[in-house]
Amino acid sequence: MRLYSCACGNRLYFDNTKCTQCGRDVGWCQGCAAITALEPEGGKFRCLGDPLGDGSRHLVTLCQNYATEGVCNRTIPEGGGPFCDCCALNETVPDMSVDGNRERWARLEAAKRRLIYALDRLGLPFGAGTEPPLSFAFMGDPLDDKLWRKAGEEERVYTGHADGLITINIQEADPAEREQIRVDMGEAHRTLIGHFRHEVGHYYWDLLVRGQCETQFKALFGDHENPTYSEALERHYNEGAPANWEESYISAYATMHPWEDWAETWALYLDIASVVDTAEELGLVPRQQIPSVDEMLRRYRALGLVLNELNREMGMLDFATGVINPAVAGKLEFIDLVVRRAAKPGGGGFLDKGPAM
Ligand SMILES: [Zn+2]
Ligand SMILES: [Zn+2]
Ligand SMILES: [Zn+2]
């Protein structure tokens, strides 16, 4: 993730909606591919970014979810709208009559924008023209008298992916609820961005592996057709993960079925690539070509050691947990290959980077 700058010279961050120094509204300009300062102009806004250095500046409008809902910080180029490139992917949004749902939705959108940034950065296909296009549904379990209740199986909202649609149960956007689930499930981390990275892994399996490189996939992750997903699910919930799972998987959940192993490892790939990318942008590590997944892992481990100690000083969860064993590294290499093969011109993965975006 890059850092950005305001017209006043102040530093801006990816999540900003206002400059703390000059008070200008700021937002993501698609034309600039950056967070830029915005100047009101005849009911619209003039983006004060100047990507070509010739003074030609974008006229933009605010995304409806920025202007009226306060859950977005993106703008729309002339002729577009009413939603930005990220919000346009929403199929279902939370019920705004429920207390706290606006805050939950805002957290979901913030994590989703980071996901979309990473997909763009990698040059991965996902929007219009991709079949199926990626879409999102943010929904809650039913409420009784404004309190969550235990819902029956058929009315429960399950976080998951099907045919391009990523559904997230918005209780995951409630920090107390999410932490409770994390502890119950014995997970090292449970975050919104983690959910997005995992579920989009299922999307890319359908898009980039199914019918294309399933044989290679099976050799690394196992046979996804035998046992079936539902058989594997039942076995996992009855028997749990094998005792020695840490020798060949990144998480206990990854042992459930080859598809979950793929999604867990895909999420790890996006974690590592995003962390290394941001560390480079912040100047923590030199920005240079990374020749291999091994080198990417070496950088991630070095950052992880430092960040774990800093987190421990603040009494927070470890930043990087567990050891990435050779089996997982091999799976990451395959994922990197799939990503590079699918990348649009200008993308090409974090490893194969061109000039900074
Ligand atoms: Zn400013
Ligand atoms: Zn612009
Ligand atoms: Zn938006």
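The values are calculated or read from the model by the stated rules, or taken from the named source; none is laboratory data. These numbers were taken from a predicted model, which means no experiment stands behind them. For neighbour counting, all protein chains shown are included, and Cβ atoms are generated from backbone atoms with ideal geometry for every residue, glycine included. Side chains included, ligands, DNA and RNA excluded: accessible areas come from the protein's heavy atoms. Shrake-Rupley method; radii C 1.70, N 1.55, O 1.52, S 1.80 Å.
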ask   = How about the range 63-95: which of its residues are within 16 Å of ligand 1 (Cβ to nearest atom) and either open to solvent by 30 Å² or more (accessible area, probe 1.4 Å) or touching an Asp or Glu at 6+ places or on another chain (Cβ under 6 Å) (or both)?
value = none
message = Can you confirm whether ARG340 is in a helix (DSSP H, G or I), in contact with a Gly (Cβ under 6 Å, 6 or more places away or on another chain) and at pLDDT below 95?
response = yes
ask   = Looking at THR130, THR68, THR92, which is the one that is free of Cβ contacts under 8 Å to residues at least 24 places away in the same chain and among the polar types (S, T, N, Q)?
value = THR68
Only one of VAL71, VAL60 that is aliphatic (A, V, I, L, M), part of a loop (DSSP other than H, G, I, E, B), within 13 Å of ligand 3 (Cβ to nearest atom) and modelled with pLDDT of 95 or more = VAL71
key: Check on ASP15, in contact with a Ser or Thr (Cβ under 9 Å, 6 or more places away or on another chain) and either open to solvent by 70 Å² or more (accessible area, probe 1.4 Å) or at negative phi (or both)   = no
request  = Report whether or not LEU48 is over 26 Å from the mean Cα position of the chain (by Cα) and not assigned by TED's automatic domain parsing to the domain that holds PRO142.
outcome  = yes
message = Condition check: within 16 Å of ligand 2 (Cβ to nearest atom) and not aliphatic (A, V, I, L, M). Does GLY70 satisfy that?
response = no
message = Considering only residues that are farther than 15 Å from GLY81 by Cα and either part of a strand (DSSP E or B) or acidic (Asp, Glu) (or both), which ones fall in the range 28-39?
response = ALA34, ILE35, THR36, ALA37, LEU38, GLU39
key: Output for the range 18-31, where each listed residue is open to solvent by less than 30 Å² (accessible area, probe 1.4 Å) and more than 16 Å from ligand 3 (Cβ to nearest atom)   = CYS19
ask   = Residues in the range 277-284: is at least one outside any helix (DSSP H, G or I) and surrounded by 13 or more Cβ atoms within 10 Å (Cβ to Cβ)?
value = yes
key: Count of residues meeting criterion [open to solvent by 20 Å² or more (accessible area, probe 1.4 Å), touching a helix residue (DSSP H, G or I) at 6+ places or on another chain (Cβ under 9 Å) and more than 14 Å from PRO132 (Cα to Cα)] in the range 199-217   = 2
query = Between a first residue in the range 260-289 that is modelled with pLDDT under 95 and a second residue that is of a type outside the set (Ser, Thr, Tyr) and in a loop (DSSP other than H, G, I, E, B), which pairs have beta carbons less than 6 Å apart while being 6 or more apart in sequence or on different chains?
reply = ALA273/PHE350; ASP277/PHE350; THR278/MET1; ALA279/VAL285; GLU280/ARG287; GLU281/ARG2
message = I'd like to check something: does the range 169-180 contain any residue that is over 27 Å from ARG102 (Cβ atoms) and either at pLDDT 95 or above or exposed (fewer than 12 other Cβ atoms within 10 Å of the Cβ) (or both)?
response = no
request  = Sort out which residues of the range 42-57 are away from ligand 1 (no atom under 15 Å from the Cβ) and modelled with pLDDT of 95 or more, and write them in order of number.
outcome  = LYS44
query = Within the range 182-198, how many residues are in a helix (DSSP H, G or I), surrounded by 15 or more Cβ atoms within 10 Å (Cβ to Cβ) and without any contact (Cβ under 8 Å) to a residue 60 or more places away in the chain?
reply = 1
message = Filter the range 40-57 down to the residues that are outside any loop (DSSP other than H, G, I, E, B) and either within 16 Å of ligand 3 (Cβ to nearest atom) or open to solvent by 70 Å² or more (accessible area, probe 1.4 Å) (or both) and list them by number.
response = PRO40, GLU41, LYS44, PHE45, CYS47
query = away from ligand 2 (no atom under 16 Å from the Cβ), outside the structural domain of VAL157 (by TED's automatic domain parsing), closer than 27 Å to PRO142 by Cβ and surrounded by 14 or more Cβ atoms within 10 Å (Cβ to Cβ), is that true of VAL98?
reply = no
note = Looking across the range 296-337 at residues that are charged (D, E, K, R) and either touching a residue at least 40 places away in the same chain (Cβ under 8 Å) or in contact with a Gly (Cβ under 9 Å, 6 or more places away or on another chain) (or both), the single one that is farthest from TRP262 (Cα to Cα) is ASP318
ask   = Looking at TYR249, TYR237, TYR158, which one is over 23 Å from SER274 (Cβ atoms) and touching a Ser or Thr at 6+ places or on another chain (Cβ under 9 Å)?
value = TYR158
